[in-house]
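Here, each number is a calculation from the coordinates, and none is a lab measurement. Worth saying up front: this structure is predicted, and the values here are computed from it rather than measured. Neighbour counts are summed over all protein chains in view; Cβ atoms, including those assigned to glycine, are modelled from backbone coordinates with ideal geometry.
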Ligand SMILES: [Zn+2]
């Protein structure tokens, strides 16, 4: 029984993290969750990946420089352009 818990933690934990990361980056969560469970290395790939399209609630595309920055940031961290109030949801 303890082996089951061990396996669940060993594969389930990175898989769950990969699942969530994949959603925030607009990737297939099932595929990336599975990959991360087997090779936790993929968590790093996901972590440093920036989506090339805007993902509501996760990444916003800067209207000035066109780069992606975290949705919750009030201003672009690359060029400093602030997000207009109408765009903040
Ligand atoms: Zn910018």
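What is the list of residues in the stretch 41-61 whose amide nitrogen lies under 20 Å from a point 7 angstrom out from the Cα of residue 31, following Cα to Cβ? 41-56, 59, by backbone N distance to the label point.
Ordered by the count of other Cβ atoms within 10 Å of each Cβ, fewest first, 53, 61 give 53, 61.
Cβ crowding within 10 Å, taken as a proxy for footprinting-reagent exposure, orders 82, 36 from fewest neighbours to most as 82, 36.
Among 4, 68, the order by Cβ neighbours within 10 angstrom, fewest to most, reads 4, 68.
Figure legend: label point modelled 7 angstrom from the Cα of residue 71 along Cα→Cβ; residues of the stretch 19-42 with amide N under 18 Å from it are 19-30.
Dividing the summed helix terms, -39500 (n - 2.57) for each DSSP H run of n ≥ 4, by the number of residues in the chain produces a 222 nm estimate of -11500 deg cm²/dmol to the nearest 500.
Inter-label distance, residue 79 to residue 39: 3.6 nm, where each label sits 7 Å from its Cα along the C-beta direction.
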